[in-house]
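First, the structure itself, so that you have it in front of you.
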Amino acid sequence: MITLRKVDGGNIDPLLALEVDAHQRAFVASNTRSILDAYVAITAGGVALPFGIYDGDTPVGFLMIGYGDADWPDAPAIAHDNYSLWRLMIDHRYQNCGYGKAAMREALRFIRTFPCGQAQYVWLSYEPENAVARKLYHSFGFEETGEMDGNEIIAVLKL
Ligand SMILES: CC(C)(COP(=O)(O)OP(=O)(O)OC[C@H]1O[C@@H](n2cnc3c(N)ncnc32)[C@H](O)[C@@H]1OP(=O)(O)O)[C@@H](O)C(=O)NCCC(=O)NCCS
């Protein structure tokens, strides 16, 4: 069974050890970088909710949810008062086994409890070359808006 577990002092080491394939490194930040980004966002008054993705007690991936655009001067308009699926990765050893899809399902279920406040949308972004991620997100109903976040394509889902 796939669950999301909050990153804490007890599980941070195995989560930091999870990695994507070398050819995928341009698609997602390392988990170390993501947790540093969470620290920076939270200490600046923003929101970042980092989670390990678990199959039973085995850590297989990492994801991070954000909310709003506090302390983010060049945020895309969609970030304002909406949720984001800020990071998603499945360790290279566990990819193509259904974990990405299951983790998306759990993340959307959690976001729909509106843990940080009401919102109309959840949004995310991906590199144009990331065909696997694009297909995964489209299968959940995410639609591209034509906007970009830097080099990444933005897609949104109505909550
Ligand atoms: C994108 C990612 C999270 C998908 O997770 P995953 O566990 O491998 O995906 P799943 O096993 O749940 O498969 C989801 C779909 O993608 C397809 N897929 C997965 N890996 C694939 C691959 N290497 N090549 C082609 N299709 C692939 C599956 O067949 C499935 O398609 P289906 O719905 O038609 O059956 C994972 O590949 C990953 O971590 N990639 C590197 C980091 C990244 O790109 N993160 C997203 C940043 S925006």
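The values are calculated or read from the model by the stated rules, or taken from the named source; none is laboratory data. Given the structure is predicted, the values throughout are model-derived calculations rather than measurements. Every residue, glycine among them, receives a Cβ derived from its backbone with ideal geometry; neighbour counts consider all protein chains shown. Areas reflect the complete protein model, heavy atoms only, side chains present, ligands, DNA and RNA absent. Shrake-Rupley method; radii C 1.70, N 1.55, O 1.52, S 1.80 Å.
If you place +1 on the Cβ of every Lys and Arg and -1 on the Cβ of every Asp and Glu, how big does the dipole about the Cα centre of segment 1-157 come out, in debye to the nearest 20?
Dipole magnitude for segment 1-157 comes out near 520 debye.
Mind listing the phi-derived Karplus ³J(HN,Hα) values for segment 60-76, rounded to whole Hz, using 6.51, -1.76 and 1.60 with θ = phi - 60°, and x for any glycine or proline?
Karplus-based 3J(HN,Hα) across segment 60-76 equals 10, x, 8, 9, 9, 9, x, 8, x, 9, 4, 6, 9, x, 9, 5, x Hz.
Please compute the contact order of segment 58-112 in relative form: average sequence separation of alpha-carbon pairs under 8 Å and at least six residues apart, divided by the residue count, as a percent.
37 percent
Here is a further query. Could you check the spin-label model distance between Lys101 and Asp74? Points 7 Å from the Cα along Cα→Cβ, value in nm.
Output for this residue pair reads 3.7 nm.
Tell me the relative contact order for the chain as a rounded percent, counting alpha carbon contacts under 8 Å between residues six or more apart.
21 percent
Per DSSP H run of at least 4 residues, take -39500 (n - 2.57); add these up for the chain, divide by its residues and hand me the 222 nm value, nearest 500 deg cm²/dmol.
-7500 deg cm²/dmol
Please give, to one decimal in nm, the separation of the simple spin-label points placed at Glu127 and Phe110, each 7 Å out from Cα toward the Cβ.
Inter-label distance under the simple model: 2.5 nm.
Using a/c under 1.5 as the rounded threshold, could you call segment 1-80 rounded, prolate or oblate? The axes a ≥ b ≥ c are square roots of the C-alpha gyration tensor eigenvalues, and prolate needs a/b larger than b/c, oblate otherwise.
In terms of gyration-tensor shape, prolate.
Send over a whole-number figure in Å² for the accessible area per residue of the chain, probe 1.4 Å.
I get 54 Å² per residue for this part.
Just to verify a number: what accessible area does Leu36 come out at with the full protein assembly present, 1.4 Å probe, Å² rounded to tens?
Its accessible surface works out to 100 Å², give or take rounding.
Indicate the gyration tensor shape class of segment 1-139 (rounded, prolate or oblate), computed on the Cα atoms with a ≥ b ≥ c the square roots of the eigenvalues: a/c under 1.5 is rounded; otherwise a/b larger than b/c is prolate and the rest oblate.
Because its axes are fairly even, with a/c under 1.5, segment 1-139 counts as rounded.
Right, another one. Among Met148, Ala17, Leu108, whose Cα sits farthest toward the positive end of the charge dipole of segment 2-158 (+1 at Cβ of Lys/Arg, -1 at Cβ of Asp/Glu, about the Cα centre)?
Looking along the dipole axis, the top candidate is Leu108.
Another question, if that's okay. In segment 73-159, what GluC sites (Glu not before Pro) fall in a loop by DSSP, with at most 13 other Cβ atoms inside 10 Å?
Sites meeting the loop and neighbour criteria: Glu129.
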